[in-house]
Amino acid sequence: MEIKVLGGGCPKCKVLYNNVHSALRELEMKATVVKVEDFEEISKFNVMSTPALVINDIIVAYGKIKYSQVRELIKNG
């Protein structure tokens with residue numbers, strides 16, 4: 001599984017990145033986690049707001065994402 005966190009480095013982006021790692025530990029899952037801060041790369045995903053969560057190259061959520069949502073998205077990823 002590959003998980004990407006899209007965002008320019010704002011506080012919400014950092015929280016999402018940390019929540020992804022926490023959820024992976026809690027679920028005892030392994031994944032490659034990539035933080036994408038380059039706006040040219042982010043624009044390739046056609047997201048209108050950040051942070052955005054991408055699992056296996058599919059945008060699964062964007063904007064403010066609660067930890068419980070992150071956990072479920074990864075679990076079902």
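Values quoted throughout were computed directly from the atomic coordinates according to the rules given, and no laboratory measurement underlies them. A quick note: this is a predicted structure, and the numbers were derived from the prediction, not measured. Because the Cβ atoms are built from the backbone with ideal geometry, glycine has one as well, and the counts that use them run over all protein chains shown.
At-a-glance table
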{"quantity": "Value at 222 nm in deg cm²/dmol, rounded to 500, when DSSP H runs of n ≥ 4 in the chain each add -39,500 (n - 2.57)", "calculated": "-12500 deg cm²/dmol"}
{"quantity": "Counting DSSP beta bridges with both ends in the stretch 2-76, the antiparallel % (nearest 5)", "calculated": "60"}
{"quantity": "Rounded tilt (10° steps) of 11-27 against the dominant C-alpha axis of the chain", "calculated": "30"}
{"quantity": "Kirkwood hydrodynamic radius over Cα pairs of the chain, then Stokes diffusion coefficient at 4 °C and 1.567 mPa s, in µm²/s", "calculated": "107"}
{"quantity": "Of the GluC sites (Glu not before Pro) in the chain, those whose Cβ has at most 11 other Cβ within 10 Å and which sit in DSSP loop", "calculated": "Glu28"}
{"quantity": "Dipole magnitude of the stretch 2-76 about its Cα centre (Cβ charges: Lys, Arg +1; Asp, Glu -1), debye to nearest 20", "calculated": "320"}
{"quantity": "Under DSSP loop assignment and at most 11 Cβ neighbours within 10 Å, longest trypsin sites (Lys or Arg not before Pro)-free interval of the chain", "calculated": "1-29"}
{"quantity": "Relative contact order [Cα under 8 Å, 6+ residues apart], the chain, whole percent", "calculated": "42"}
{"quantity": "In the chain, lysine pairs closer than 22 Å at Cα, eight or more apart or cross-chain", "calculated": "28"}
